[in-house]
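Participant: What follows is a single structure, and I will ask about it in a moment.
The values are calculated or read from the model by the stated rules, or taken from the named source; none is laboratory data. Keep in mind the model is a prediction, meaning the values are calculated, not measured. Every residue, glycine as well, gets a Cβ built from its backbone with ideal geometry; the counts of neighbours run over all protein chains shown. What goes into the accessible areas is simple: the full protein's heavy atoms, side chains included, and nothing from ligands, DNA or RNA. Shrake-Rupley method; radii C 1.70, N 1.55, O 1.52, S 1.80 Å.
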Amino acid sequence: NVIETVGVGQRETLVSSLVDIFVLVLPPAGGDTYQGIKRGIMELADIVVVNKDDGDLQVAASRTASQYRTALSLMRHKHPWWKPRVIRVSAQEQSGMALLQSTINEFLEAAGDDGMAQLRRNQRIELLQSLVTGHIMAQLDIEAKVRALAVNSDETEDLQYTVHEMAKEILNSKK
């Protein structure tokens with residue numbers, strides 16, 4: 001199964017806790033290409049794929065891949081048994097797809113049963129932390145609503161709500 005996200009942000013961290021292999025697909029670009037990419041997303045990547053390695057973009061794709069290799073070499077690796085790889089592909093020319101497949105296979109071989117078991121243990125821990133954090137944040141949001149409603153009632157001296165009615169309104173409100 002494949003999980004695709006759009007953009008770079010919090011979702012990628014959650015997705016990382018759901019997948020066996022994290023493939024980051026990036027377009028070729030000029031200049032300091034990894035400057036705009038959050039370091040955290042690069043640290044999640046098991047394979048970085050620079051796509052559109054064809055036509056006028058081949059030189060940029062080559063330069064981009066080189067820059068990502070350099071960036072990855074300076075980062076701590078996510079798995080002790082795997083050094084993230086950077087490859088170039090072109091869907092238009094159907095090039096690099098076999099290399100991508102063989103790199104995925106190499107990852108799975110390098111992981112072995114022990115590596116995959118450890119990966120899944122880590123994923124469960126990360127997912128649990130994410131769920132607990134989400135619950136805590138939801139509780140904090142409720143506290144903010146309580147304060148806002150109480151302050152608003154005090155300021156307007158509109159005491160049409162009892163404290164119990166306020167609580168019901170807050171707990172039943174949509175976020």
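Participant: Assigned to a helix (DSSP H, G or I), at pLDDT 75 or above and out of contact with any Ser or Thr (no Cβ under 7 Å at 6 or more places or on another chain): does that describe residue 123?
Facilitator: Taking the combined requirement at face value, the residue does not satisfy it.
Participant: For the stretch 1-39, which positions are modelled with pLDDT under 85 and open to solvent by less than 40 Å² (accessible area, probe 1.4 Å)?
Facilitator: Going residue by residue through the stretch 1-39, those that are modelled with pLDDT under 85 are 1-18, 29-39.
Listed by number, the residues that qualify are 9, 12, 15, 16, 17, 29, 33, 37.
Participant: In the stretch 84-100, how many residues are modelled with pLDDT of 95 or more and open to solvent by 100 Å² or more (accessible area, probe 1.4 Å)?
Facilitator: The total comes to 0.
Participant: So in the stretch 52-77, with the set limited to residues that are among the basic types (Lys, Arg) and free of Cβ contacts under 8 Å to residues at least 40 places away in the same chain, which one is surrounded by the fewest Cβ atoms within 10 Å (Cβ to Cβ)?
Facilitator: Top of the filtered list is 76.
Participant: For the stretch 79-98, which residues satisfy the criterion of being outside any loop (DSSP other than H, G, I, E, B) and of a type outside the set (A, V, I, L, M, F, W, C)?
Facilitator: Result: 79, 85, 88, 90, 95.
Participant: List the residue pairs whose Cβ atoms are under 7 Å apart, where the first residue sits in the stretch 118-133 and is within 18 Å of residue 78 (Cα to Cα) and open to solvent by less than 60 Å² (accessible area, probe 1.4 Å), the second is modelled with pLDDT of 85 or more and among the hydrophobic types (A, V, I, L, M, F, W, C), and the two are 6 or more positions apart or on different chains.
Facilitator: Listed by first residue and then by second, the contacts come to 119/111.
Participant: Is it fair to say residue 143 is charged (D, E, K, R), at pLDDT below 70 and over 24 Å from the mean Cα position of the chain (by Cα)? Even if it seems obvious, please write down each step before you answer.
Facilitator: Values: charged (D, E, K, R): yes; at pLDDT below 70: no; over 24 Å from the mean Cα position of the chain (by Cα): yes.
Judged against the criteria, residue 143 is not a match.
Participant: Can you say whether residue 151 is of a type in the set (A, V, I, L, M, F, W, C), modelled with pLDDT under 85 and either loosely packed, with under 10 Cβ neighbours inside 10 Å or farther than 26 Å from residue 25 by Cα (or both), as far as the supplied structure shows?
Facilitator: Working: of a type in the set (A, V, I, L, M, F, W, C): yes; modelled with pLDDT under 85: yes; either loosely packed, with under 10 Cβ neighbours inside 10 Å or farther than 26 Å from residue 25 by Cα (or both): yes.
Yes; evaluated as a whole, the condition is true for this residue.
Participant: Next question, about the same structure. Considering only the stretch 89-109, I want to know if a residue exists there that is closer than 21 Å to residue 14 by Cβ and of a type outside the set (Ser, Thr, Tyr).
Facilitator: Yes, the conditions are met somewhere in the stretch 89-109.
Participant: Now, a different point. Just to check your reading of the model, which residue among 76, 69, 63 is out of contact with any strand residue (DSSP E or B) (no Cβ under 7 Å at 6 or more places or on another chain), assigned to a helix (DSSP H, G or I) and either within 30 Å of residue 128 (Cα to Cα) or at pLDDT 90 or above (or both)?
Facilitator: On the way: 76 fails: assigned to a helix (DSSP H, G or I); 69 fails: out of contact with any strand residue (DSSP E or B) (no Cβ under 7 Å at 6 or more places or on another chain).
Checking each option against the conditions leaves just 63.
Participant: Next question. Select from the stretch 154-175 the residues that are surrounded by fewer than 10 Cβ atoms within 10 Å (Cβ to Cβ) and polar (S, T, N, Q) and write down the one among them that is modelled with the highest pLDDT.
Facilitator: Among those that are surrounded by fewer than 10 Cβ atoms within 10 Å (Cβ to Cβ) and polar (S, T, N, Q), it is 172.
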